[in-house]
Amino acid sequence: MRKRWMSLLVTGLLVGGALVPATPALAAPTFRVPFPCGQSWSGQTRSDHSPAYAVDFNRTDDQGDPVVASAPGTVDRVTDLGGTSYGKYVRINHGGGYSTYYAHLSGFNVSVGQTVGYGKVIGWVGSTGGSTGPHLHYEQRLNGADIQVRFNGTLALYWGTKSYTSGNGCSSGSGNATVDTSGTPLTVRSGPGTGYASVGTVADGTRVTIACQTSGTTVTGTYGTSSIWDRIGSGRFIADAYVYTGYDGYIPGIPRC
Ligand SMILES: [Zn+2]
């Protein structure tokens, strides 16, 4: 599945006979590590960082390495602040008040107004602005305020340094996909439905290869409601509603089971 299930909570209060809508709350996008699929980067958080919840990413010889959009959205800033602050930075608007920042870039690969998806290269790691060495300074914000970073729904390490492996843009229509449950392990069934026996689980964020797809029990998951089930091994099926494949519905070129 591709499109994230957006749970729009529009509640209302009856006050003096008039319907007063509460502020709609949109689900957070599923953010992914801002580097290409399969890469591992060291991400550091520290309480004296500005803003506090930003993550600085490094790996060996990272100058010039590609930086990718951590979720679908629209680029709304491509700015060069020169030798101060962020230096060259990109901001992406993900809707619902969510945005991401990518700073100290050595160069840009997008322009303002451009629509981007998972895995889209937006620029390259650099050391521009107030930076003393190549790294990516990365932020997630909600309504302009710095928020604690989450990848695939999982909170980053506060405070400290941890290795993050990217599952960003891994799907290519080849059947490669990523389990996305926002935390809970996903049950693997012996057949395409919740009535089949459980034969194990796969952890959130696991990369899987889908051999074939078929229709079974309807499931509501991270990516909405779907009756598609993915076969990820002999006698092993998972609900497509919890799998990022890059496609809504069946994956082109992948056979029916
Ligand atoms: Zn930083």
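For the stretch 79-122, filtering for residues that are within 16 Å of the ligand (Cβ to nearest atom) and on the phi > 0 side of the Ramachandran plot leaves 3.
Filtering the stretch 35-78 to residues that are away from the ligand (no atom under 16 Å from the Cβ), polar (S, T, N, Q) and within 25 Å of Gly95 (Cβ to Cβ) leaves only Thr74. The set of residues in the stretch 37-70 being open to solvent by less than 10 Å² (accessible area, probe 1.4 Å), over 16 Å from Gly169 (Cα atoms) and polar (S, T, N, Q) consists of Thr45 alone.
Residues in the stretch 149-177 that are open to solvent by 50 Å² or more (accessible area, probe 1.4 Å) and under 21 Å from Val67 (Cβ atoms) were compared, and the one that is nearest to the ligand (Cβ to nearest atom) is Thr161. On the stretch given as the stretch 51-70, residues that are under 26 Å from Tyr158 (Cβ atoms), assigned to a strand (DSSP E or B) and not acidic (Asp, Glu) total 5. Has the stretch 187-197 got any residue that is within 30 Å of Val55 (Cα to Cα) and open to solvent by 10 Å² or more (accessible area, probe 1.4 Å)? No, every residue in the stretch 187-197 fails to be within 30 Å of Val55 (Cα to Cα) and open to solvent by 10 Å² or more (accessible area, probe 1.4 Å).
Among the residues of the stretch 71-114, those that are in a loop (DSSP other than H, G, I, E, B) and open to solvent by 40 Å² or more (accessible area, probe 1.4 Å) comprise Pro72, Leu81, Gly83, Thr84, Ser85, Ser106, Asn109, Ser111, Val112, Gly113, Gln114.
Is it the case, given these coordinates, that Asp146 is of a type in the set (Asp, Glu) and crowded, with 17+ Cβ neighbours inside 10 Å? For Asp146, the condition - of a type in the set (Asp, Glu) and crowded, with 17+ Cβ neighbours inside 10 Å - is not met. For the stretch 128-143, filtered to residues that are within 15 Å of the ligand (Cβ to nearest atom) and within 15 Å of Asn93 (Cα to Cα), the residue that is surrounded by the fewest Cβ atoms within 10 Å (Cβ to Cβ) is Arg141.
Counting residues in the stretch 115-127 that are more than 24 Å from Thr165 (Cα to Cα) and either open to solvent by 10 Å² or more (accessible area, probe 1.4 Å) or assigned to a strand (DSSP E or B) (or both) gives one or more.
The values are calculated or read from the model by the stated rules, or taken from the named source; none is laboratory data. Only a predicted model underlies this, so the values are computations on that prediction, with no experimental measurement involved. Reconstructed Cβ throughout: ideal geometry from the backbone, glycine too, with neighbour counts over all protein chains shown. In case anyone asks, the SASA skips ligands and DNA or RNA and just uses the protein heavy atoms, side chains included. Shrake-Rupley method; radii C 1.70, N 1.55, O 1.52, S 1.80 Å.
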